[in-house]
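Everything below concerns the one structure shown next.
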Amino acid sequence: TTTTTTTTTTMKAIQVHNFIPDFSDAASLSSSMTMTQDLEKPSKDELKKDQLLIKVLACSISPGDVLTVNGNMIFLHPPTMPFVPGMDICGIVVEDQLQQQTQQQKQQKQDDDTLLPLFKKGDVVVASNGMNAVGGMAEYMIVPQSEAVLK
């Protein structure tokens with residue numbers, strides 16, 4: 001018998017297609033936000049130096065999220081439509097860019113007094129997407145290592 005492993009390249013996410021100025025208008029909400037099941041899942045190949053790929057377990061809805069969704073944060077965070085809202089998450093580290101380096105490169109980084117990995121695969125963290133302020137209402141999110149802490 002052979003076992004086939006398939007890697008899912010899509011994920012579920014909530015997407016905002018238009019700013020929502022009035023949250024009491026149910027018709028506006030339903031036409032402006034949708035749940036998609038086919039958003040492209042971030043891969044470890046997309047990670048930049050000092051970034052983590054997190055499997056999201058929970059995402060809060062903060063006042064900043066409300067301001068972003070209703071369009072009042074565009075001076076700080078102009079999102080490209082559609083966008084996935086959600087600033088603050090709790091999740092499990094799936095990949096760490098620094099962990100993908102060889103042990104020799106890690107030793108060289110240590111000797112150079114540069115940043116070493118703070119997290120390992122499987123760590124549960126609380127994190128934010130820094131000044132990018134979007135992405136948490138999805139199954140996976142890439143965050144800067146500096147914006148995460150162990151739970």
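The values are calculated or read from the model by the stated rules, or taken from the named source; none is laboratory data. Note that the structure is predicted; figures quoted are calculated from it, not measured. Positions of Cβ are generated from backbone atoms using ideal geometry, with glycine treated the same way; all protein chains shown enter the neighbour counts. Areas reflect the complete protein model, heavy atoms only, side chains present, ligands, DNA and RNA absent. Shrake-Rupley method; radii C 1.70, N 1.55, O 1.52, S 1.80 Å.
Please give the number of the condition LEU52 fails out of (1) at pLDDT below 85; (2) under 20 Å from SER146 (Cα atoms).
In the conditions (1) at pLDDT below 85; (2) under 20 Å from SER146 (Cα atoms), LEU52 misses (1) alone.
Can you name every residue in the range 15-28 that is of a type outside the set (Ser, Thr, Tyr) and open to solvent by less than 50 Å² (accessible area, probe 1.4 Å)? So that I can check it myself, show each step before the final result.
Looking only at the range 15-28, we keep the residues that are of a type outside the set (Ser, Thr, Tyr), and these are 15-23, 25-27.
Matches in the range 15-28: GLN15, VAL16, ILE20.
Would you call GLY130 modelled with pLDDT of 90 or more and either in contact with a strand residue (DSSP E or B) (Cβ under 9 Å, 6 or more places away or on another chain) or surrounded by 19 or more Cβ atoms within 10 Å (Cβ to Cβ) (or both)? So that I can check it myself, show each step before the final result.
On the way: modelled with pLDDT of 90 or more: no; either in contact with a strand residue (DSSP E or B) (Cβ under 9 Å, 6 or more places away or on another chain) or surrounded by 19 or more Cβ atoms within 10 Å (Cβ to Cβ) (or both): yes.
In short, no.
Kindly list the number of the only condition in (1) surrounded by 11 or more Cβ atoms within 10 Å (Cβ to Cβ); (2) assigned to a loop (DSSP other than H, G, I, E, B); (3) modelled with pLDDT of 85 or more that fails for LEU76.
Single failed check for LEU76: (3).
Pairs needed: first member in the range 45-60, open to solvent by 80 Å² or more (accessible area, probe 1.4 Å); second member anywhere, in a strand (DSSP E or B); C-beta distance under 7 Å; at least 6 residues apart or different chains.
Here the result reads GLU46/ILE142; LEU57/CYS90; LEU57/GLY91; LEU57/ILE92, each pair linking the range 45-60 to a residue that is in a strand (DSSP E or B).
Looking only at the range 127-143, count how many residues are farther than 23 Å from GLN37 by Cβ and touching a Leu at 6+ places or on another chain (Cβ under 8 Å).
Within the range 127-143, residues that are farther than 23 Å from GLN37 by Cβ and touching a Leu at 6+ places or on another chain (Cβ under 8 Å) number 3.
Applying the selection to the range 34-60, what residues are of a type in the set (Val, Ile, Thr) and under 14 Å from the mean Cα position of the chain (by Cα)?
So in the range 34-60, the residues of a type in the set (Val, Ile, Thr) come out as 34, 36, 54, 56.
The answer is ILE54, VAL56.
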